[in-house]
């Protein structure tokens, strides 16, 4: 399973600013909107959610068949502490992982040095400078039906 983490700071939390073992390189991968939305349409929540799924057995069948899965994790601040809202993480397997690699990927950039620079500024207490270096992120505009089956 490959995971798309659309949030820079959540990714920094996950990889420890690129300092965790086997996570020393941080890549920014740009994919097509069509590919991202294909994945969302076919996704299943990674855990059972009462009210979203009729029952656990139905959810388990959906999860087994789905080429993608979604989990909602707390967004992070510059100190990588959780914020009171969540960011989507999108897991890709089988057909989705193949499409991601072969069809959807538009650009791959190494942002390891940027991650280290921002981390150094945060460590030195220079949060304003660190915040100015963060990649611009915006809410992803979607039609409600694309996420209706993924709100847990």
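The values are calculated or read from the model by the stated rules, or taken from the named source; none is laboratory data. Note that the structure is predicted; figures quoted are calculated from it, not measured. As a convention, Cβ positions derive from the backbone with ideal geometry for all residues, glycine included, and neighbour counts pool all protein chains shown.
Of note:
- Qualifying residue in the range 62-73 (condition: assigned to a strand (DSSP E or B), in contact with a helix residue (DSSP H, G or I) (Cβ under 7 Å, 6 or more places away or on another chain) and closer than 30 Å to residue 126 by Cα): yes
- The selection criterion, being over 15 Å from residue 5 (Cα atoms) and either at pLDDT below 95 or crowded, with 17+ Cβ neighbours inside 10 Å (or both), does not hold for residue 26.
- Boolean, residue 96 is in a helix (DSSP H, G or I), under 23 Å from residue 23 (Cα atoms) and under 16 Å from the mean Cα position of the chain (by Cα): yes
- Selection of first residues in the range 83-107 that are in contact (Cβ under 8 Å) with a residue 40 or more places away in the chain and of second residues that are surrounded by 15 or more Cβ atoms within 10 Å (Cβ to Cβ) and part of a helix (DSSP H, G or I), restricted to Cβ pairs under 6 Å at least 6 apart or on distinct chains, gives the following pairs, ordered by first then second residue: 87/10; 90/39; 92/100; 96/39; 104/35.
- Answer residue from the range 108-130, given it is part of a helix (DSSP H, G or I), free of Cβ contacts under 8 Å to residues at least 40 places away in the same chain and out of contact with any helix residue (DSSP H, G or I) (no Cβ under 7 Å at 6 or more places or on another chain) and is nearest to residue 46 (Cα to Cα) among those: 113
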